[in-house]
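See structure below.
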Amino acid sequence: MENCLFCKIAGGQIPARKVHEDDEILAFHDINPARPVHLLVIPRRHITSLATATEADVPVLGRMLAIANRLASEQGSPDGFRVIINTGRIGHQEVQHLHAHIVGGPEPVGPMLKRI
């Protein structure tokens, strides 16, 4: 996707503070962190969101989650972390490229959602 921000980061057209990269996955620091540890993990191949993921995407989705613990621990959240995958308008997905936020740090991240 030529206008996709995360495709441009994965392709090296836009710099990022990378913490992991291989043929399928890229992980980097969020430019506007919400927590002391705030990483983004993306598939290099463009997948718009979880809503468009298919059975063929299962291996890369699994790898994204499998590396989360190692990355969180290495980056300063060894006692736990939260994985957030925003999907679509209701889920407040801002970049239309599937990505997982890995958030944590030395203190608990707080309640999952505010009750309405």
- Could you please find all residues in the stretch 63-107 being of a type in the set (Lys, Arg), under 14 Å from the mean Cα position of the chain (by Cα) and either under 18 Å from Cys4 (Cα atoms) or surrounded by 17 or more Cβ atoms within 10 Å (Cβ to Cβ) (or both)? Arg82
- Message: With the requirement that a residue be surrounded by fewer than 12 Cβ atoms within 10 Å (Cβ to Cβ) and out of contact with any strand residue (DSSP E or B) (no Cβ under 8 Å at 6 or more places or on another chain), what does the stretch 2-31 give you?
- Response: Glu2, Asn3, Gly12, Gln13, Ile14, Pro15, Asp22, Asp23, Ile31
- When the stretch 42-58 is checked residue by residue, the ones that are more than 20 Å from Arg89 (Cα to Cα) and not in a helix (DSSP H, G or I) are Pro43, Arg44, Arg45
- Task: Determine whether Val60 is farther than 17 Å from Leu5 by Cα, in contact with an Asp or Glu (Cβ under 6 Å, 6 or more places away or on another chain) and among the aliphatic types (A, V, I, L, M).
- Result: yes
- Note on the structure: Counting only residues that are in contact with a Ser or Thr (Cβ under 9 Å, 6 or more places away or on another chain), within 14 Å of Leu98 (Cβ to Cβ) and in contact (Cβ under 8 Å) with a residue 40 or more places away in the chain, the stretch 44-82 contains a total of 3
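Each reported figure results from applying straightforward, stated rules to the coordinates on display, with no laboratory input. Everything numeric here is computed off the predicted structure, so don't read it as measured data. Methodologically, a virtual Cβ is constructed for each residue, glycine included, from the backbone with ideal geometry; neighbour enumeration extends over all protein chains shown.
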